[in-house]
Structures are given as C-alpha cells and as structure tokens.
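One structure below.
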Amino acid sequence: MIELAALRAVPLFAELGDDDLSRVAAHSTTVVLGPGDRLFGEGDEGDTAYVITRGSIEITKRSGGRDVRLATRRPGEVIGEMALLQNAPRSATARAAEDAELISIPRAEIDELLSTSADAVRALFRVLLDRWKSTQSLLAQSERMAQLGTLTAGLAHELNNPAAAVSRSAGLLRAGIERLISAEAAVAATVEDPERVTALRRRLQERPRADHLDAITRADLESSVEARLTDANAPDPWQTAPDVVDAGLADVLDDILDVSGADSAAVLEVLLADHEASALLHDVEEGTRRLSAIVRALKSYSYLDQGSVQEVDLVAGLDDTLLILRSKLAGIEVRREYHPDLPRIEARGGELNQVWTNVIDNAAYSISESGVGGTIVIRAFPTESEVVVEVEDDGPGVAPEHRERVFDSFFTTKPPGSGTGLGLSISYGIVVDSHRGEMTVESEPGRTVFRVLVPQSITD
C-alpha cells in the first residue's frame, strides 16, 4: 500500500481530500530502478504517470542525431503525464540517473481523479504549463542547432566538390605550363614560320569549347583523325589521335597540317599543350565561380549585415535555400514556377528562409520515405496585398488524422530521433505571429501542398 504521506508531498495531490488520496494510493504500485534503467522510451505508449519518491530520473529526447537532455526530475515530481493526457506516444525517454523509486499511477485513476477534483485539474494545469514552456524552449534551441547542422553538412558537401576541382586543376596546371613552355621552344626552334603557328593558336583559342561526344561518334572520329595523321606522316598517329579529338581540333586538322608542313609533331604538341593549359585554367575559373556563388547564396540566405526587416527578394531566398539544400534534394526533380512580376516585400528575410528550409526539407523527407524519386514544385505569385509561396510534393501525403496537428509543437510523424516536431511549428509562428500571414496544408496521397501567405509589407 502506497503511503498517503508520499502522495501528499506531491504538489499535484497536495490539496486532495483524504478519500481521493486514498483511492489513488489503492490503485498505485511501486517501481524500483537501478542506475541507467529505462522507465519508458520515446515512442512508447503513454498509459501511466509516475511520481518520484527517491532518486532522480533523467529525461532526454532524440534530436538532430543526438540525445538532448531536457531535464532531471527529482523526488516529489510527476513524470509521464503529458503523453497520458494527450493520449499520445511518449515524446521523450526517461532513465534512472541513480537508484530510484517511483509510484506508478494508471491512466484510469488519473482520468477519474481529474473528472472529480477541480483542485487536481488546477494543480496539473500548472505542472503542465511550466513543463511545456521549459521543454519547448530547450527543444526550440535544439531544433535551431539541428537545422544549422543540416545546413552545415549540406554546405560542406557543396563546397567540397568545387574546392577539390580547383585544388586538382591547380596542381596539374604547373605541369601543363611546363609542357606548354617546352612545346613553344620546340616550335621556335624547328618550325620555319612560327608566326603562322601563333596566329593559328590565337584563332583556335577563340573557338568555343568542344561538345561532349558519345562513344560511337568519338571512336569514328578518332579513326578518321588517325588515318589523316598517317597520311601526313605524323609521328605516332594512334597515340596523337585521341588527344586531337579531346582538344576539339579534329575539324581543323587540315589547317593545322597545312601550317605544320614537315614539323607537324611540334605544332600539334604546342596546340595540345595550349588546350590542356586552357582547360585547366577553365576548371579553376569554374570552380572558383562555383565557390563564390555558394558564398553569395549563404550570405543572402542569412541576410548578414542587414536589419531585422529588409526588402526581400523571395525568388532569391527560395533559390538560395534550394542551393543550400541541394545535397538533400539529390534524385528529386525540383520545378520552379515563379511569377515574372513577383514584387519585393518588406519582411524578415532570414526568418522566411528558415520557413522555406523547413518546408522544403519536409517535402524532401516525405519523398525519400517513398523509396523512389519524386518531384517538388515551388510556386510564388502575388495577390493584391500579399505574396503566396506554395511547396508541393508528390510523396505519400499526410494522413487525415494528422493534418490538423502538423503545426502543433512536438507533433511529428517521423520515427523517434528523426525530428522534434518543432520545425513546422516554428515556421507557423514565423509566418502567422511574426509576419501576420497565413500557413496552411492540403494533402492527399501523391499531392501535399504547404501554402504560405505573407503580406507585401509587415510595417504597414
């Protein structure tokens, strides 16, 4: 039999009459845990509340690939009641931090207590409100850190490819330049009219880069070039032909051989070395251009060095978000349907980009869960006083029983550890509270649309 004094020490039961308290004690049991023992896990059914009478219980939640400690509960505190009252799975995991003892109170007894005692209802409301505020604050910070981690991982992936290309090309460029210098010296020493070679090099440098060739076309072209080089008595035609095709010189080979005369080897070498150096320089330029574009997008995305309310280009914000999330959108077709005359708006650009990040990431996750590629369509268009942004995906959709709760704090359909249930809730607060707009969702299998309406000015 549970002692009444143990229950009376709990704020939730402190004002109960002896009859109510005796009824709770009669239907309760004692739970004993050792250090590290799990009381319940995230995702478990919530059918029992617990009162800690000895020791301490650590409450954690999986977020962003790690366990976030929400609180440590001590003697006199109630735990597990939120899932019980919401008739929902456990939203966190509870483990004993040390030897602990708890009173286990079944759902039926809690329901009976709340239906007969106004004092218990008021006490429980205070407990829930305090806990809700504390938990939401901790997890909101964790959600921001998790999103930052996602963006950082995506940026690292996006930056790595062009950075590696620049490093690789720059390393090869030294050898390429040495080859070109050697080839130029050979032309100057052996070719009767070096000026004709210089003019030819200049003309070829101004040509556009060669298009990619399929395997069959390339093989045919190499055979043709090899035969032409053989006819011209060029040295090692079978080795030189692939390089000529790579350099895009096959269609001007006759001009090259006409300028070369008997010195075709030196002229071909200088042209091929010229092409190699130019190609490596182009790769360095393209890589640095790509790096600059990512840095510009990141600065634009975060609205660095700007005030809290700015003139916002929604198209730029959406495209910056897509660039930063590109690694998560691999295998997904993204279609942009932007109105050509979409006006700039006065808004908090950094906050809106957080909304686009959450909604697009949510769409990508939905599609990835189906196991096959899909399509995300992003629309942006103006109304008389607002702008509308829609993010549509062809994933499995949101179940009817979940649609009314998708913007609720802590509600998530993802498995434990995959989400905190705060991303869409935070987005809803940004749109509705911070921008006086609207955020809605429509969903059916194969079509889910998140729609955001934002006033063209939040300062009016």
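Every read-out reported here was derived from the displayed coordinates using simple, explicitly stated rules and does not represent laboratory data. Please read all numbers here as calculations on a predicted model, not as lab measurements. Note that we place each Cβ from the backbone using ideal geometry, even for glycine, and neighbour counts take in every protein chain shown.
Model label sites at T190 and S56, defined 7 Å from Cα along the beta-carbon direction, differ in position by 8.3 nm. Applying 0.36 nm per residue to the separation of V432 and V295 and subtracting their alpha-carbon distance, the gain on full extension is 46.3 nm. Taking segment 1-44 and a reference point 7 angstrom along Cα→Cβ of E98, the backbone N atoms nearer than 17 Å belong to 32-37. For segment 346-409, just say rounded, prolate or oblate: build the C-alpha gyration tensor, square-root its eigenvalues into a ≥ b ≥ c, call rounded for a/c under 1.5, and beyond that prolate if a/b exceeds b/c, oblate if not. Prolate, because a/c is 1.5 or more and a/b exceeds b/c. The stretch between D37 and D236, if pulled fully straight at 0.36 nm per residue, gains 64.0 nm over its current Cα-Cα span. Estimated at 0.36 nm per residue, the fully extended path between I458 and T72 surpasses their Cα-Cα distance by 134.8 nm.
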